[in-house]
Amino acid sequence: MNQENLESIVNKKQAVVDTASGITYSWIVGSVLDYYAGLNFSGIVVSRTSATALNFLASAPYGWWKDQIYKWTKTNKESSRFRKYFTDLLAFNTGQTLLYATSLAIGGLVSEGKLNWEKVKNGVEYVAIVSPLIGPLMNIYMDYARRLFKLKTSAEKSINR
């Protein structure tokens, strides 16, 4: 097997692992966020279902984005926890907030029959408030899943230049 084929297999495996971890994390944390945004049970179910569809499409690109943020900030496995924390926070806030707003809008639209911008605004504000906790935690969760399947984390892939 040549190097190009091996890299292709690793990239596909990483995409599957990032997608699975993004979806599971979204169900766990997103349900709590939806509740605090004001969605009822059916709204939460619809929001999480739409988020699953969105995460199915967006989690692998988000994993790639997180890798790029690590490279751009020159953060690697030897970097301090403080630096990794803020790198994870930057990746989350630039890569996940719009996705959450979209799933919240769809959940509200389907469950209430109208787009409730107030709930979307409340949800995005709440994500901004809790992102220092949930953003880095999501990235830790994704990196754990990568390690579980013998893949490199974003910090391990980053080259210190």
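The values are calculated or read from the model by the stated rules, or taken from the named source; none is laboratory data. For clarity, every value in this text was computed on a predicted model and none was experimentally measured. Don't worry about glycine lacking a Cβ; one is built from the backbone with ideal geometry, like all the others, and counts go over all protein chains shown.
For the reader, a short list of remarks on this structure follows.
- Residue within region 92-110 that is modelled with pLDDT of 95 or more and of a type in the set (A, V, I, L, M, F, W, C) present: no
- The set of residues in region 28-44 that are more than 20 Å from ALA128 (Cα to Cα) and either touching a Lys or Arg at 6+ places or on another chain (Cβ under 7 Å) or touching a residue at least 60 places away in the same chain (Cβ under 8 Å) (or both) comprises ASN40, SER42, GLY43.
- Scanning region 121-161 for residues that are under 24 Å from ASN40 (Cβ atoms), touching a residue at least 60 places away in the same chain (Cβ under 8 Å) and either touching a Gly at 6+ places or on another chain (Cβ under 7 Å) or not small (Gly, Ala, Ser) (or both) turns up ASN122, TYR126, VAL127, VAL130, ILE134.
- Checked against the criterion of being in contact with a helix residue (DSSP H, G or I) (Cβ under 9 Å, 6 or more places away or on another chain) and assigned to a loop (DSSP other than H, G, I, E, B), the candidates LEU137, LEU104, LEU109, LEU115 yield just one match: LEU115.
- Sole residue being in a helix (DSSP H, G or I), closer than 19 Å to GLU156 by Cβ and either in contact with a Lys or Arg (Cβ under 8 Å, 6 or more places away or on another chain) or at pLDDT 90 or above (or both), chosen from VAL10, VAL16: VAL16
- Looking only at residues of region 39-80 that are surrounded by fewer than 19 Cβ atoms within 10 Å (Cβ to Cβ) and basic (Lys, Arg), we find that the one that is nearest to LYS152 (Cα to Cα) is LYS77.
- Condition met for TYR25 (at pLDDT 90 or above, closer than 18 Å to ALA128 by Cα and of a type outside the set (D, E, K, R)): yes
- Of everything listed in (1) outside any helix (DSSP H, G or I); (2) closer than 22 Å to ALA15 by Cβ, the single unmet condition for MET142 is (1).
- Every residue from region 81-110 that is within 16 Å of ILE23 (Cβ to Cβ), polar (S, T, N, Q) and surrounded by 17 or more Cβ atoms within 10 Å (Cβ to Cβ): GLN96, SER103
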